[in-house]
1. Taking the mean number of other Cβ atoms within 10 Å as a proxy for protection, how do you rank 358-366, 252-260 from highest to lowest?
2. Heavy atoms of the protein only, probe of 1.4 Å, neighbouring chains included. What is the accessible area of Glu205 in Å², nearest 10?
3. Residue by residue, what Karplus-based ³J(HN,Hα) values in Hz, rounded to whole numbers, does segment 262-274 have, using 6.51, -1.76 and 1.60 with θ = phi - 60° and x for Gly and Pro?
4. Beta carbons within 10 angstrom, averaged per residue: use that to sort the peptides 303-313, 278-288, highest first.
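The values are calculated or read from the model by the stated rules, or taken from the named source; none is laboratory data. The structure presented is a predicted model; accordingly, all values stated were derived computationally and were not measured. As a convention, Cβ positions derive from the backbone with ideal geometry for all residues, glycine included, and neighbour counts pool all protein chains shown. Keep in mind that these areas ignore ligands, DNA and RNA; they rest on the heavy atoms of the full protein, side chains included. Shrake-Rupley method; radii C 1.70, N 1.55, O 1.52, S 1.80 Å.
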Amino acid sequence: MSTPAPVGLSAVFRAEHGRVVAGLARRLGDLDLAEDAVGEALVVAAERWPVDGVPPNPGAWLTTVARNKALDRLRREQRRDLKHAEAQMVSDPTPHEPTGPVADDRLRLVFTCCHPALAPEARVALTLRLLGGLTVPEIAAAYLVPETTMAQRLTRAKQKIARAGIPYRVPAASDLPERLDGVLAVLYLVFNEGYLSHSGQAVREDLTGEAIRLARQLHEMVRHTPSLGAQPEVDGLLALMLLTEARRPARVAEGRLVPLAEQDRTRWDAALVDEGHRLVRGCLALGRPGPYQLQAAVNAVHTDALDASMTDWSQVVQLYDQLLALRPTPVVALNRAAAVAEVDGPEVALGVVDRLPLERYHAWHATRADLLRRLGRHEEARTAYDAAIGLAGNDAERAFLAGRRDGLGRGPT
């Protein structure tokens, strides 16, 4: 029986999971075998590290054990020809020379999982599982679907890879355009899961940091692949991440989420804000606005205001109008409604929010609660806060919502 990993070890496992899977998959050419071998290595680590201590280089330790587990399986299966050659390859300590436009192992793993033979939702879900080490409940929460639905989706994606013989290989330049949208979607959701984690933590810096690192890698890859041409959505996504990350130091205080309007803006990372603004100006100047660019532009408006009262809410609404035309989803409409409340008042915004089919989404209930609070409808607001607290995924957000609920009728909060 395996020993559950202590909390501290779980953080190490999450941080190393994607890198070890990606590196092993590069050598094996088999995603499923790589993930299984890493899973077995994590079980061994959970048993040994509490006794022996965490090794100085946890990633190298896990890689070695996973590699040996993979070799054992290949030998057991006794596939003397191709599998023997694979075993020789994986045991060779000589690093592979980077080939093709995607040199980074983990970015290559993202491109592999974004193969056009897989359904778009399966591509993102599979990469979240392999790269970020996210659990099925976490991925299901990100997609607003039941856990059983997401588990089936992941199983089908792996089966499709096996049946279709989709290889783990270095993508050629010709592969990149048809996979780029999927890669952007993956990095966006990895960052979002880190920024508003469903694992109980307020922020998972391992995920936000890795998403930003990979977005930078993608940005550089596009710059050095002339055949791709300008890809403003790549810059837009990187800008969106940087402007969001810039606010992180002020986002949680004393275990409680701090809303944007109440954040201490002197704690924002000015260098990241400047870099994000430069990227937004550059990509929008190309005149091909896309969803990530527009979201980045919204964040640029917020981070351009020295004080919340100086926010240009009319411009924010206009940007959301453009975004809603490109991506007419209920979540975009919800975000637009929050901006409408600042321009036309909470009653107008509530009429929009109440028509959205987002009962499973905690932010819908939280937005309704805030609008009802502002309208003085405290009993309805209390019910909405309770629903939001029940669906919220981390302690910091629950603490903030509970504070707002408990302050109803006590004056401004």
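1. Details: 358-366: 18.7, 252-260: 14.7.
Going by the mean number of other Cβ atoms within 10 Å, highest first, we get 358-366, 252-260.
2. Approximately 110 Å² for this residue.
3. Here the 3J(HN,Hα) series is 9, 6, 7, 6, 5, 8, 5, 7, 5, 5, 5, 4, 4 Hz.
4. Details: 303-313: 13.6, 278-288: 16.4.
Final packing ranking: 278-288, 303-313.
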